[in-house]
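J.: Below you will find the structure I want to go over with you.
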2 protein chains.
Amino acid sequence: MNIGEAARRSGLSAKMIRHYETQGLVTARRLANGYRDYAEADLAVLRFIRHARALAFPLEDVRRLLALWRDRNRASADVRRIALDHVAALEAKAQAMQAMAHSLRHLAAHCHGDGRPDCPILNELEKTP
Amino acid sequence: MNIGEAARRSGLSAKMIRHYETQGLVTARRLANGYRDYAEADLAVLRFIRHARALAFPLEDVRRLLALWRDRNRASADVRRIALDHVAALEAKAQAMQAMAHSLRHLAAHCHGDGRPDCPILNELEKTP
DNA sequence: CTTGACCTTCCCATGATGGGAACCCCCATC
DNA sequence: GATGGGGGTTCCCATCATGGGAAGGTCAAG
């Protein structure tokens with residue numbers, strides 16, 4: 001199957017698939033005309049990548065997860081560690097964002113939000129320290 | 001004051017200040033030798049930018065907030081709208097991240113995390129659909 | 001006059017993705 | 001056989017905000 005069909009069936013874009021190839025996550029046989037040729041097994045890899053990316057694993061993590069996935073002698077502890085480290089990163093970012101959102105919501109709640117220029121949001125941003 | 005001192009006193013890096021200049025957020029007088037020269041008023045702008053960036057406003061938003069800040073006839077409603085739109089964006093991202101974190105935590109909780117290869121995380125990632 | 005600490009501009013890298021150009025391939029239809 | 005359309009290929013550029021670093025100008029102190 002060519003890259004277009006592989007894209008359709010994996011839920012990725014052809015661009016992404018080529019990119020993942022340059023990053024060493026997938027490989028594809030080449031036909032005589034230079035076209036990439038994907039087998040069902042490659043599709044499984046592509047879907048794996050899509051699921052991992054849907055959980056926002058960076059490609060570097062995906063590479064390691066794929067290696068573990070292929071390794072029948074893997075230790076589930078290794079997979080777990082990658083996942084939990086990623087969870088920690090996600091939660092840290094999410095909490096930072098929500099803290100910012102809270103501050104801003106608070107400021108906005110005290111802003112008249114009308115035609116007058118007075119605005120606690122700007123007052124906060126212009127603080128001297 | 002030169003860019004190094006402006007950086008120290010604003011809490012930004014000299015690199016960032018130059019970048020903000022290319023983006024039209026700050027301007028600086030130039031000395032005869034080509035060095036940028038900042039006044040106290042410029043420092044206030046730089047600190048404003050730092051505070052806005054600390055709340056993760058994209059530079060485009062910072063540009064608009066600065067324009068409103070300088071405009072004595074601004075309507076606080078305009079500031080508020082920018083802020084609340086940004087809050088919505090932050091919360092959407094934060095929630096998406098926490099949803100991913102939850103899923104992964106759940107999967108990891110069912111993973112032995114020992115030397116055995118069996119792993120629900122990988123099972124999830126390899127799902128066919 | 002040299003040294004070191006500044007400053008300048010310009011280019012490149014990050015991470016994952018999209019856009020688009022220039023060009024090749026294949027098949028169907030006229 | 002020529003043409004057109006819809007594949008494919010590679011390569012470059014843009015995003016967003018920031019850092020790294022090179023090459024070179026400037027200045028003050030020794």
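We did not get these values from a lab; they are worked out from the coordinates using the rules stated. None of these values were measured; they are calculated from a predicted model. So basically every Cβ, Gly included, is an ideal-geometry build from the backbone, and we count neighbours across all protein chains shown.
J.: Ignore the peptide's own chain and count Cβ atoms of other chains within 10 Å of each Cβ in B:67-80; give me the average, rounded.
T.: What the average comes to for B:67-80 is 5.
J.: Of all the C-alpha pairs in the protein assembly as shown, what % are more than 23 Å from each other?
T.: Roughly 65 percent, rounded to a whole number.
J.: Right, here's the next one. DSSP loop trypsin sites (Lys or Arg not before Pro) in segment B:1-92 with at most 16 other Cβ atoms within 10 Å of their Cβ, which ones?
T.: Sparse-neighbourhood loop trypsin sites (Lys or Arg not before Pro): B:Arg72.
J.: I would also like to ask the following. Ignoring everything except DSSP H segments at least 4 long, calculate the 222 nm mean residue ellipticity for chain B; use -39,500 (n - 2.57) per segment, divide by total residues, nearest 500.
T.: Estimated from H runs of four or more residues: -21000 deg cm²/dmol.
J.: At a Cα cut-off below 18 Å, give the lysines reachable from B:Lys127, other chains included and same-chain residues fewer than 8 away excluded.
T.: none
J.: From the phi angles alone, apply the Karplus equation (6.51, -1.76, 1.60; θ = phi - 60°) to segment B:38-54 and give each ³J(HN,Hα) in whole Hz, x where the residue is Gly or Pro.
T.: 9, 9, 4, 4, 5, 4, 4, 5, 4, 5, 4, 4, 4, 5, 5, 5, 5
J.: Taking θ as phi - 60°, what are the ³J(HN,Hα) couplings along segment B:91-96 by the Karplus curve (6.51, -1.76, 1.60), each to the nearest whole Hz, with x for Gly and Pro?
T.: 5, 5, 5, 4, 5, 4
J.: Between the alpha-carbon centers of segment B:27-61 and segment A:1-36, tell me the distance in whole angstrom.
T.: 46
J.: Now for a different question. Under the convention of a label 7 Å out along Cα→Cβ, give the distances in nm from A:Lys127 to the same position in every other copy, shortest first.
T.: 4.4
J.: Rounded to whole angstrom, how close does the nearest chain B beta-carbon get to the axis mapping B onto A, and which residue is it?
T.: That would be B:Ala94, 2, residue then distance in Å.
J.: Considering just Cα atoms, how many Å³ per residue does the convex hull of segment A:36-118 enclose? List each step's numbers first, then the result.
T.: Details: hull volume 12.9 nm³, N = 83.
Spread over its residues, the Cα hull of segment A:36-118 gives 155 Å³ apiece.
J.: Cross-link partners among aspartates and glutamates for B:Lys93, C-alpha distance below 16 Å, same-chain residues fewer than 8 apart left out?
T.: A:Glu91, B:Asp85
J.: Using label points projected 7 Å from each Cα along Cα→Cβ, tell me how many nm separate B:Asp71 and A:Ala14, to one decimal.
T.: According to this spin-label approximation, the distance is 4.6 nm.
J.: Label-to-label distances across copies for B:Asp85, with labels 7 Å out along Cα→Cβ, in nm, shortest first?
T.: Distances between equivalent label points, in nm: 3.9.
J.: Still on this structure: Compute, for chain A, the length of the dipole vector about the Cα centre, with Cβ point charges of +1 (Lys, Arg) and -1 (Asp, Glu) only. Units Debye, rounded to 20.
T.: I would put it at about 660 debye.
J.: Contact order normalised by length for chain B, with contacts defined as Cα pairs under 8 Å and 6 or more residues apart; what percent is it?
T.: 15
J.: With the contact rule set at Cα under 8 Å and sequence spacing of 6 or more, what percent relative contact order holds for segment A:1-55?
T.: 40
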